[in-house]
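Written below as structure tokens is the structure these notes are about.
The values are calculated or read from the model by the stated rules, or taken from the named source; none is laboratory data. What you are looking at is a predicted structure, and each value in this text was computed from that prediction instead of being measured. Positions of Cβ are generated from backbone atoms using ideal geometry, with glycine treated the same way; all protein chains shown enter the neighbour counts. Keep in mind that these areas ignore ligands, DNA and RNA; they rest on the heavy atoms of the full protein, side chains included. Shrake-Rupley method; radii C 1.70, N 1.55, O 1.52, S 1.80 Å.
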Amino acid sequence: MNKQEIIANIAETHGLTKVVAKQIFEQVFDDIVASMMSSSSDGKFKVPSFGTFKIDERKARIGRNPRNGDPMSIPSKNVLKFKISKTLSDKIND
């Protein structure tokens with residue numbers, strides 16, 4: 001299922017136009033990102049019975065240039081990690 005199909009499903013299920021459903025869909029994800037970026041959340045966003053999204057730092061490291069094999073410095077950066085809940089894990093493994 002892609003974004004447009006989800007928006008169409010929301011619109012049909014709740015009797016909304018696709019424009020309004022798209023606004024709601026995008027607002028939900030904007031709020032999730034804002035919540036994760038707030039200092040009070042510690043970079044985490046938990047969805048009960050689904051899982052937890054967490055911002056984690058990937059440390060700087062030395063890698064290899066794939067073209068010529070020379071060593072190169074790869075800077076640190078923030079990455080998003082997801083840990084599935086036990087409830088969802090049980091559902092998909094039944």
Where a residue in the stretch 29-58 is surrounded by fewer than 11 Cβ atoms within 10 Å (Cβ to Cβ) and part of a helix (DSSP H, G or I) and its partner, wherever it lies, is among the acidic types (Asp, Glu) and modelled with pLDDT of 95 or more, with Cβ under 7 Å and at least six apart: none
Residues located in the stretch 1-18, provided they are in a helix (DSSP H, G or I) and open to solvent by less than 100 Å² (accessible area, probe 1.4 Å): Lys3, Glu5, Ile6, Ile7, Ala8, Asn9, Ile10, Ala11, Thr13
From (1) assigned to a strand (DSSP E or B); (2) surrounded by 11 or more Cβ atoms within 10 Å (Cβ to Cβ); (3) in contact (Cβ under 8 Å) with a residue 12 or more places away in the chain; (4) of a type outside the set (Ser, Thr, Tyr), pick out the condition that doesn't hold for Asn78. (2)
For the stretch 60-75: of the residues being outside any strand (DSSP E or B) and under 30 Å from Val33 (Cα atoms), which is most open to solvent (accessible area, probe 1.4 Å)? Pro75
Would it be correct to say that Asp31 is within 24 Å of Ile10 (Cα to Cα) and not β-branched (Val, Ile, Thr)? yes
Could you tell me how many of the residues in the stretch 19-28 are within 16 Å of the chain's Cα centre (by Cα) and open to solvent by less than 90 Å² (accessible area, probe 1.4 Å)? 3
